[in-house]
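Asks: Submitted below is the structure of interest, expressed as structure tokens.
What follows is calculated from the coordinates using simple rules that are stated; it is not laboratory data. Because the structure is predicted, anything quoted here is derived from the model rather than measured. Quick reminder, even Gly has a Cβ in these numbers, built from the backbone with ideal geometry, and neighbours come from all protein chains shown.
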Amino acid sequence: MAVMMELEESVSDSKLHKESTAKKDLRPSSAISFSKSDHGPETTSSTEQLRQYKSWVSNERWNELKKIAETAMKQRKVFMIKGGGFPAIRRAMLERGWVEKYESHKVRHPPTNVDPKKASGKELSKVERMILYKFMEHHSVDFLWTTKRDKYDWLLSNKDVMISRFCRSVFTTKEGLTASLTQMHWHTEPGIALTKFPRCYNIHNSDSLEEFVDDFRITACISVLKWLCSTLQINGEQNLISNQGKVPFSAIEFATSRLNEYVLFFTHKDIDDTEEQVHVWEHEWDQFLTHHYLLVHEKAKFSNDNNTSIRQLERKASKVLTTMSKFWPQIDIDGVLNIWIVKPGNKCRGRGIQLMNNIKDIIGLINIPVQKTRYVVQKYIENPLVIYDTKFDIRQWFLITNCQPLTIWVYKDSYLRFSSQIFSLSNYHESVHLTNNAVQTKYKNNEDRDKALPDENMWDCHTFKAYLKQIGKYELWDTKIYPGMKQCLVGAMLACQETMDKRQNSFELYGADFMLTEDFTPWLIEINSSPDLAPTTSVTARLCPQCLEDVIKVVLDRRLNPDADTGTFELAYRQTIPKAPAYLGLSLCINGHTEEEKKKRNLNAVLFHIRAVWKIIQQ
């Protein structure tokens, strides 16, 4: 058994797996890991393989391996790691007395060019793994760790098999998360579930596209007024007006009018004023958006108008913005540039993501002929918290062990991912704004970045807390940032619960990405299935194996002992489902009657009252 605990994937195994993976689409999908037999009846070649394997080990060792396999099958301790890798999972399972059953494509004949008596320990270990596989060949696994969810017949799978995937997790796509979180207002519970998610639209849908266009326009109106108030305060009146100015003051009046109309609409006061409603034509919106772009992006000036006071416009703008803040919850993250981030709905690792500020460019992107990609568009957070003038996000792991009742575990250790470039809202390049490790590894770190930033572009949360202490904000991690991320995750999962798979004995580890705004508020950006757990940096090399070990503690150790150590995972939420009320024998049926029967009953009731009155008169 000690030999088995030391076994690791060899380089040749990895090559063989890659070759098999390249060809696996040629094989029909099946419930291969759950069926009674992976290969059907044992063939002559299989018997010949066993005979070849036996020549490599002594009879005593052969019997030991057979006993190990029989004990594992009897105790239901056979596991499989499908997809290769994950040495931390393998090590954790072996330490708990489980025996690994290898995928069929990894099983091969023992080497014929090596004398068994002169074989190295590594070669003997490989042969012993193959022998164990042959002993368990017709036994289904009891625990499956897999990186794929679409290669199995979930309906025919053994319900007792523990699987590290749920059949459905629509919230792990940008499109699915956007659709699910439209219902999150039903699940908000202060202190427990409160999801902050930048507004997002599935713009392949015509209704959502229309909502996005309205949002873009209102955001532009707010942006112009915010720009006016802030710029006038900083630069003064003289620096905003010129005889050669390109933007008329009517642009401010247009924005103010549209926002006042929005407030009336939001408070339903527009219902009684239908005659006073003003129709705004498309060309008027186009003209205003052009003025917005000239002001905030190209630093254009207002044309001089002696009949209009810019200070008076500022006071009106300030008043409208104060009112709008009550009806526009995300007004603080919008900035003034009206930047949106356009993402392919079903891609990951930062592929295909673009930053845009022109609505015609956005609509043009999704209307490309023969366009197969479905996009989501999300409001870009224009005031992110930056560290040494560099953007970052937080990768937070969480584990779902049950969907009904919903049970969520959050990992207390997380890590920050930095951009390789200095943050700028005038440069829309992906190296500045996309902090995914897959994106940033393509670029060299900017030489002008602060030297206090890590060369690997990663910090763990403890280093971040040290930074917070350095700037006098140490308490914010425990009082605002980490609790805020937990509340975001609980709220998001409650909103997505109806779309989740209800299969018992399933669990899944997810990776959520968060941004912090300047006030240290965490905002959920997206949720990833199969988060990258590779040791790409010194930070992930330490955290990822530790996290995987703790996953096994939660899903296996707590089954045997509810008080078992769960490592760095903490129970963030366990749903309480009220019991169904006891049946009291009451009939809840509603019996219908025809109209004629109803008339008869009414007539009988009238006659009854007439008779009663007649008796009273006679008396």
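Asks: Sorted from fewest to most neighbouring beta carbons within 10 Å, what does the list Y102, Y415, Y583 look like?
Replies: Y583, Y102, Y415
Asks: Lys and Arg at +1, Asp and Glu at -1: add these up for the other residues within a Cβ distance under 13 Å of Y201 and post the number.
Replies: Every neighbour counted, the sum reads -1.
Asks: Hey, what D do you get for the range 471-567 in µm²/s if you plug the Kirkwood alpha-carbon radius into Stokes-Einstein at 10 °C and 1.306 mPa s?
Replies: 100
Asks: Right, next: Run the simple label-point estimate for F608 and I590 please: 7 Å along Cα→C-beta, distance reported in nm.
Replies: Reported label-point gap for F608 and I590 is 2.3 nm.
Asks: Got the relative contact order for the range 199-380 handy, in percent, Cα pairs under 8 Å and 6 or more residues apart?
Replies: About 34 percent, as a whole number.
Asks: Using 1/(1 + (r/R0)^6) with R0 = 41 angstrom and r between the beta carbons of A580 and R76, what's the FRET efficiency to the nearest 0.05?
Replies: 0.80
Asks: Counting other beta carbons within 10 Å of each Cβ, put R542, R311 in order, fewest first.
Replies: Ranking R542, R311 by Cβ neighbours within 10 Å, fewest first, gives R311, R542.
Asks: Using per-residue counts of other Cβ atoms within 10 Å, averaged over each peptide, order 57-70, 343-356 from highest down.
Replies: 343-356, 57-70
Asks: Over 22 Å between Cα atoms, which of K379/K442; K391/K469; K159/K502; K148/K412; K326/K465; K77/K553 qualify?
Replies: K379/K442; K148/K412; K326/K465
Asks: Follow-up question, since we're still on this one. Sort R611, R96 so that the residue with the fewest other Cβ atoms within 10 Å of its own Cβ comes first and the one with the most comes last.
Replies: R611, R96
Asks: For the range 199-380, what mean projected area does the convex hull of the alpha carbons give, in nm²?
Replies: 12.3
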